[in-house]
Amino acid sequence: MDDQQPAIISEADRPARRETPVHRALRLILRFAPGAVVIAAVTALVWSGALKHLSLAELHASRGVLSAYVRAHPVLSVLAYVAIYVVGVALSLPVPLILTLSGGFLFGPWVGGPAALIGSTCGATVIFLISRLTVGDALERGVSPRVRALEEGIKKDAFFYLLTLRLMPVTPFWLVNVAAGLLSIRLRTFVAATLLGVFPITMIYSSIGAGLGRTFDRGAPPTLRSLITPELALPLTGLALLSVLPIVYHQFRARRAAAGRGPAAPRTP
């Protein structure tokens with residue numbers, strides 16, 4: 001009598017599990033809850049008027065208390081500063097400039113600058129992931145072939161596109177974060193381009209913030225526009241030129257690749 005072999009059922013032959021209403025609800029909650037939290041938090045902050053306290057005037061009025069706390073708790077102060085920066089950027093609030101100036105004022109450029117860099121990169125990564133989780137996947141499935149081809153072209157050189165946008169201070173920081181998430185750019189590419197691209201402008205504004213103490217001693221708090229002095233023309237001009245380098249390098253690499261391929265060989269009849 002032959003031994004009966006048990007039937008082996010492959011994963012493909014197994015009937016697909018039907019998603020229960022509970023699982024479907026949990027999936028939708030996990031997908032849309034982060035975005036809903038961001039919208040609710042921004043609405044609450046705007047309605048409460050808390051954003052008005054993020055200004056040079058408020059920093060001028062609280063300079064004594066803040067400086068004393070930093071001297072008493074240096075490590076905790078830096079950690080709290082980074083946490084506030086992460087939350088502000090993750091909520092896409094218009095706070096990076098004032099927070100970077102505040103970091104330079106409170107900690108100096110060599111501590112405040114890197115702290116602001118870490119906070120901005122982590123906050124940008126949070127909103128990037130939320131954008132991808134909430135809308136990115138669904139948008140990618142619903143686009144037309146022409147849009148998909150354009151998206152693939154951008155993703156192919158995503159690092160250079162992101163680096164160029166980061167080096168341009170005129171580009172809204174939050175808009176780049178959201179757009180990168182919608183395009184489903186790789187996380188490591190996004191983080192690397194953000195970290196490298198934000199570094200120059202962060203150190204420039206942190207250095208400006210380090211000199212706010214002398215400005216505050218003269219009397220009334222300055223405005224953001226008044227901080228742009230002729231002394232800043234050179235570094236800002238250099239930053240503008242630096243933002244063009246990724247584009248130039250990308251064009252050089254494309255031409256070099258085209259030259260390496262050479263002209264197509266003629267077909268023999």
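Can you grab the distance from the C-alpha centre of region 163-188 to the C-alpha centre of region 68-111, Å, no decimals?
Here the two parts' Cα centres lie 22 Å apart.
Report the FRET efficiency, 1/(1 + (r/R0)^6), for Arg218 and Lys52, where r is their Cβ-Cβ distance and R0 is 30 Å, rounded to 0.05.
Numbers: r = 24 Å, r/R0 = 0.78.
My answer for the efficiency is 0.80.
How would you rank Phe105, Phe173, Phe160, going from fewest to most other Cβ atoms within 10 Å of each one's own Cβ?
Values: Phe105 26, Phe173 22, Phe160 18.
With the fewest neighbours first, Phe105, Phe173, Phe160 line up as Phe160, Phe173, Phe105.
Taking the Cβ of each residue in Trp174, Trp110 as the centre, tally the other Cβ atoms inside 10 Å and list the residues starting with the fewest. Can you show the working numbers first?
Details: Trp174 18, Trp110 13.
By the 10 Å Cβ count, ascending, the order reads Trp110, Trp174.
Just so you know, all these numbers are worked out from the coordinates, no wet-lab data involved. This structure is a prediction, so every number in the text was calculated from the model and none was measured. So basically every Cβ, Gly included, is an ideal-geometry build from the backbone, and we count neighbours across all protein chains shown.
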